[in-house]
1. Which of the residues belonging to region 133-153 are without any contact (Cβ under 8 Å) to a residue 12 or more places away in the chain and more than 30 Å from SER83 (Cβ to Cβ)?
2. Condition test on PRO49, is it assigned to a loop (DSSP other than H, G, I, E, B), open to solvent by 60 Å² or more (accessible area, probe 1.4 Å) and modelled with pLDDT under 90?
3. Tell me whether region 101-111 contains one or more residues that are of a type in the set (A, V, I, L, M), in a helix (DSSP H, G or I) and either at pLDDT 90 or above or touching a Leu at 6+ places or on another chain (Cβ under 8 Å) (or both).
4. Tell me, which residue of region 111-139 that is within 18 Å of the chain's Cα centre (by Cα) and either of a type in the set (Phe, Trp, Tyr) or open to solvent by 70 Å² or more (accessible area, probe 1.4 Å) (or both) is farthest from VAL92 (Cα to Cα)?
5. Just wondering, is there one or more residues in region 17-24 that are farther than 19 Å from ASP133 by Cβ, surrounded by fewer than 19 Cβ atoms within 10 Å (Cβ to Cβ) and small (Gly, Ala, Ser)?
6. Suppose we keep only residues that are open to solvent by 40 Å² or more (accessible area, probe 1.4 Å) and out of contact with any helix residue (DSSP H, G or I) (no Cβ under 7 Å at 6 or more places or on another chain) within region 62-93. Which one would you say is nearest to VAL22 (Cα to Cα)?
7. Any chance region 81-93 includes a residue that's part of a helix (DSSP H, G or I), among the charged types (D, E, K, R) and without any contact (Cβ under 8 Å) to a residue 12 or more places away in the chain?
8. Identify, by number, the condition in (1) under 14 Å from LYS67 (Cα atoms); (2) touching a residue at least 40 places away in the same chain (Cβ under 8 Å); (3) open to solvent by 60 Å² or more (accessible area, probe 1.4 Å) that LEU11 doesn't meet.
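The values are calculated or read from the model by the stated rules, or taken from the named source; none is laboratory data. Because the structure is a prediction, the values reported are computed rather than measured. Positions of Cβ are generated from backbone atoms using ideal geometry, with glycine treated the same way; all protein chains shown enter the neighbour counts. The accessibility values were calculated without ligands, DNA or RNA, using every heavy atom of the protein model including side chains. Shrake-Rupley method; radii C 1.70, N 1.55, O 1.52, S 1.80 Å.
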Amino acid sequence: MLIRRLARPLLASVFIYGGIGVFRDPKGHAQGAAPLVERATTPVQGTLPDQVPTDTETLVKVDAGVKIGAGVLLALGKFPRFSALLLSGSLVPTTLAGHAFWEYSDPEQRAGQQIHFLKNLGLLGGLLTTAVDTKGKPSVGYRARHGAHRVAEHTQHAVGNGKGRKNKCHVPGR
């Protein structure tokens, strides 16, 4: 559908652009993310494997890579549902670290951060909608339930009930 071909690149563009911006200034972005990273990593510091990075600059770069990679895939329509889920997972900590409007006492700064926070919530809504978009086809759950129902009906019909009548079957969830 034409709307999907237009909407996906539009939605992806902010993530690609933002990811590139992080690679241009990783130290600056790491400073903003440091409080959130510290709160998230301190409780689990001793339990994480050595391979898991905990320094803020590396985590910010990984996040930027996810945004660029998943953003490009989404823009191209490749694995759009998976890409949207990756971007959703990336957007939540970015929003909490970068736009914590509740921490500002100055009304003007607070309002500016609140606008960015709400904008990111809108982006999250678009990503979640994209993540569940099946392009008009029934979902896997729907197909599985109805497939099970058809198998049960065919089995009942083949086996019969011993009196030549077909039983109505009941599949949970129907």
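1. ARG150, VAL151, listed by residue number.
2. Details: assigned to a loop (DSSP other than H, G, I, E, B): yes; open to solvent by 60 Å² or more (accessible area, probe 1.4 Å): yes; modelled with pLDDT under 90: yes.
Yes.
3. At the first step, the residues of region 101-111 found to be of a type in the set (A, V, I, L, M) are 111.
Narrowing further to those that are in a helix (DSSP H, G or I): 111.
Those left that are additionally either at pLDDT 90 or above or touching a Leu at 6+ places or on another chain (Cβ under 8 Å) (or both): 111.
Yes, there is a match, as at least one residue in region 101-111 is of a type in the set (A, V, I, L, M), in a helix (DSSP H, G or I) and either at pLDDT 90 or above or touching a Leu at 6+ places or on another chain (Cβ under 8 Å) (or both).
4. Filtering region 111-139 down to residues within 18 Å of the chain's Cα centre (by Cα) leaves 117-135, 139.
From what is left, the residues that are either of a type in the set (Phe, Trp, Tyr) or open to solvent by 70 Å² or more (accessible area, probe 1.4 Å) (or both) are 117-119, 121, 128-129, 132, 135.
On the way: PHE117: 10, LEU118: 12, LYS119: 12, LEU121: 9, LEU128: 12, THR129: 16, VAL132: 18, LYS135: 26 Å.
Here the answer is LYS135.
5. The first filter runs over region 17-24 and keeps only residues farther than 19 Å from ASP133 by Cβ, leaving 17-24.
When the remaining residues are screened for being surrounded by fewer than 19 Cβ atoms within 10 Å (Cβ to Cβ), the result is 17, 20-21, 23-24.
Remaining after also requiring small (Gly, Ala, Ser): 21.
Yes: region 17-24 contains one or more residues that are farther than 19 Å from ASP133 by Cβ, surrounded by fewer than 19 Cβ atoms within 10 Å (Cβ to Cβ) and small (Gly, Ala, Ser).
6. So, considering only residues that are open to solvent by 40 Å² or more (accessible area, probe 1.4 Å) and out of contact with any helix residue (DSSP H, G or I) (no Cβ under 7 Å at 6 or more places or on another chain), the one nearest to VAL22 (Cα to Cα) is VAL62.
7. Within region 81-93, the subset part of a helix (DSSP H, G or I) is 81-93.
Pick out the ones that are also among the charged types (D, E, K, R) and you get 81.
Checking which are without any contact (Cβ under 8 Å) to a residue 12 or more places away in the chain leaves us with none.
No, because not a single residue in region 81-93 is part of a helix (DSSP H, G or I), among the charged types (D, E, K, R) and without any contact (Cβ under 8 Å) to a residue 12 or more places away in the chain.
8. It is condition (3) that LEU11 fails.
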